[in-house]
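Please read the structure below before turning to the comments.
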Amino acid sequence: MNERALRVLLVEDNAGDVRLLREMFRNEKSGTFELTHLLRMSDAVIHLSKGEVDIVLLDMGLPDGHGLDTVRRAHAAAPSVPLIVLTGLDDETLAAEAMKEGAQDYLIKGQIENRALPRVLRHAIERHRMLAESDLIRTNQIQYKDEFLSHVSHELRSPLTAIYGFVTILLDGLAGELNPDQREYLEDVLRNTKQLKAMINDLLEVTRIQEGKLLIESQCVSVSDAIAYTVSTLQEVATTKGIALSFDADSRLPLICADPTRLRQILIILADNAIKFTPANGVVKIRAQLFEKDSKFLVLEVSDSGCGFPPGMKERIFERLFQAADSASPSRKGLGLGLHICRELVTRQGGEIWANSVPGQGALFSVTFPIFSLSTLIAPGLKRARVTDPSVTLVVIEIGSRTGWLSDEARAGHSDAVRDLVRRCLNRDLDVLLPNMAFTGAAELFFIVAFTDAIGGLAISKRIREQFEESAYFQQANIILSTFYRLLEPIERDAIESTRDHLNKVAAKIQELLNEEISSRMVENGK
């Protein structure tokens, strides 16, 4: 059985170089190579997209492409096709850079031996194949490991919960009095059970992230409250270790747009890490302030006086399963997932996270979160309204439970389901579903800012009620819903008023209505 000819695409605009390369293939056995020659990068991209090429010989200086750009364009058109760049003597450094971009090799024009070119092509194809197979094997191994860890984690939760429950029963004296030794042993069991539980939760969290099941529900959140919660949660751990845990956050700082549960999770991971890596009599401090580099963000900082880390580890510490040496607590055990989870949680809420350290002088972790800005949220809708002074309607949705909320988790789940339903009923260009406004009453409130008139507000309210009434899920859960709308008074734009000033004026009027709605319900709840 004859092997198929290797299909070579030569992209070269110099006629002399093309002639020399063609001559090199003439010495090969007939049917071994099939050469296609093109002069321009644009034609090469079209040819590559057809999938009829085994390897590319690419000149880095073409009429419509030059340097590394040609390499990137070729890879974008056919990522699985190996590539060899052709370069002059003066471009050898550039060719080496091309290999960093994914080229398999480079050949210097004028220095290619007749018999060397076919051999180089075959070797490049083989190397590319081996790399692709290695990448596939590595990907499959990671996927298998992740699936295995996820399965094991789920299976371990039930027996671990039973162990935790029975140990706490014994420690509480519900099964009889304990002598000092028995209490000490059980406290050791409980401590290790909590550590194992934390590891399992981390594994499950990473699994949710990878499967796209990580739920984030942005709200208007007080950073000061989140920091106070974190300090209260970890104060006993810090005190036991002889570490001073403190915080500095002005209660007058603006609210941020974040998931409150995830915000606390981020702070606890960072502060807990700081405590673990700080020796006795050390200091851990949490601080919040306006971000100097961008006034649209707040920055939260967690610093410690621990061992720190080398400069080369600034990025690696956020990698999954990466663990740094811990001179402060060499016996510490973990999976190296906390900072990886932190980075995912931060970036998915529109912020950034980074770290700085001087070895032996502690570490500083910084996290940014966007400041809640009503004007920023409504700006796209106001721009798309296409009229100078558009009508603005505030649609209010209120849900409750006929039988009372069974738990905070159930309430949160029903709230998420309502948000999903509401989003499906909105015009994405002109309607804005606001984040949770931190109202804590018997009912859940949702607010929509719609750039429409009273007829549009009525239509939105009607559409939401109809969708809700048709949902078997909400009927079975005994959820009740009411909705109405309020039309803002016309907000005219002055002739000399800037777009930003007008936007802020509209946002201020909307905020007044929001405050009225929230305040009226707080009065109803006796708050």
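The values are calculated or read from the model by the stated rules, or taken from the named source; none is laboratory data. Computed from a prediction, not measured in an experiment: that's the story for all the values here. Using ideal geometry, Cβ is built from the backbone for each residue, glycine included, and neighbour counts are taken over all protein chains shown.
Details
- When the residues of segment 245-262 are filtered to those that are farther than 14 Å from Arg287 by Cα and among the aliphatic types (A, V, I, L, M), the one that is modelled with the highest pLDDT is Ile256.
- Among the residues of segment 72-86, the ones that are out of contact with any Leu (no Cβ under 7 Å at 6 or more places or on another chain) and within 11 Å of Val11 (Cβ to Cβ) come to 1 in all.
- Of all residues in segment 443-460, none are exposed (fewer than 15 other Cβ atoms within 10 Å of the Cβ) and aromatic (Phe, Trp, Tyr).
Rundown of residues vs (1) at pLDDT 85 or above; (2) under 18 Å from Glu444 (Cβ atoms); (3) outside any loop (DSSP other than H, G, I, E, B), yes/no style:
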position	(1), (2), (3)
Gly456	yes, no, yes
Phe468	yes, yes, yes
Arg486	yes, no, yes
Ile491	no, no, no
Asp494	no, no, no
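- Residue that is farthest from Val223 (Cα to Cα), among those in segment 235-246 that are surrounded by fewer than 18 Cβ atoms within 10 Å (Cβ to Cβ) and of a type outside the set (Ser, Thr, Tyr): Gly242
- Filter pass, Leu89 being crowded, with 22+ Cβ neighbours inside 10 Å and at pLDDT below 85: no
- Count of segment 360-411 residues, restricted to those that are within 30 Å of Gly282 (Cα to Cα) and not in a strand (DSSP E or B), is 3.
- Checking segment 497-505 against the condition returns no match, with no residue being in contact with a strand residue (DSSP E or B) (Cβ under 7 Å, 6 or more places away or on another chain) and either among the hydrophobic types (A, V, I, L, M, F, W, C) or surrounded by 13 or more Cβ atoms within 10 Å (Cβ to Cβ) (or both).
Every residue, every condition in (1) surrounded by fewer than 16 Cβ atoms within 10 Å (Cβ to Cβ); (2) outside any strand (DSSP E or B); (3) modelled with pLDDT of 85 or more, yes or no:
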{"position": "Leu10", "(1), (2), (3)": "no, no, yes"}
{"position": "Met24", "(1), (2), (3)": "no, yes, no"}
{"position": "Gly31", "(1), (2), (3)": "yes, yes, no"}
{"position": "Val53", "(1), (2), (3)": "no, yes, yes"}
{"position": "Val56", "(1), (2), (3)": "no, no, yes"}
{"position": "Arg73", "(1), (2), (3)": "no, yes, yes"}
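Condition check ((1) more than 22 Å from Glu409 (Cβ to Cβ); (2) among the hydrophobic types (A, V, I, L, M, F, W, C); (3) modelled with pLDDT of 70 or more) across all residues:
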| position | (1), (2), (3) |
| --- | --- |
| Leu190 | yes, yes, yes |
| Lys194 | no, no, yes |
| Ala198 | no, yes, no |
| Cys220 | no, yes, yes |
| Ala228 | yes, yes, yes |
| Thr233 | no, no, yes |
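- Residues in segment 422-442 that are without any contact (Cβ under 8 Å) to a residue 60 or more places away in the chain and surrounded by fewer than 17 Cβ atoms within 10 Å (Cβ to Cβ) were compared, and the one that is farthest from Lys509 (Cα to Cα) is Arg424.
- Flag for Leu300 being in a strand (DSSP E or B) and either among the hydroxyl-bearing types (Ser, Thr, Tyr) or touching a residue at least 12 places away in the same chain (Cβ under 8 Å) (or both): yes
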